[in-house]
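Take a look at the structure below.
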Amino acid sequence: MVLLPVQCPKCQSIDIVKYGKTSKGKQRFYCKNKECSCHTFILKPAYRGWLPEVKQQIVEMNLKGKSIRDIARILGISTTTVSNELKNFYRCQSIGNDTEMYVNSDIAPLSTKLEKPG
């Protein structure tokens, strides 16, 4: 039997405990770090749209001028997921919250205000 260390996807803490199972039988974990915004998580979510890498790709593709339908088709996710993620990103941008998770430094510096593509 091989034991794999589990890390929190948000804070990278290894202070993790098992926290039951989902209705589909996937193992749920709980991060015991008090400062962490993500308390429960699943290592391999059933839907790709929930992955942080995919969320970042959504924003990057939108900043490069792709439409919502194009992004959904390319990534194999729902247009609703794409739309909701972009709304969340631009809402965070407008109130000045940290958007580092979304934007790769090659695309746009965080110090500049991002505009929605036309």
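Each reported figure results from applying straightforward, stated rules to the coordinates on display, with no laboratory input. Here the structure is a predicted model, which is why all the values come from computation and not from measurement. Quick reminder, even Gly has a Cβ in these numbers, built from the backbone with ideal geometry, and neighbours come from all protein chains shown.
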task: Please give, to one decimal in nm, the separation of the simple spin-label points placed at Asn84 and Cys38, each 7 Å out from Cα toward the Cβ.
output: 1.6 nm
Under 23 Å from the Cα of Lys64 - lysines, other chains or at least 8 residues apart: Lys55, Lys87, Lys113, Lys116
statement: The residues Lys24, Lys10, sorted from fewest to most surrounding Cβ atoms within 10 Å, come out as Lys24, Lys10
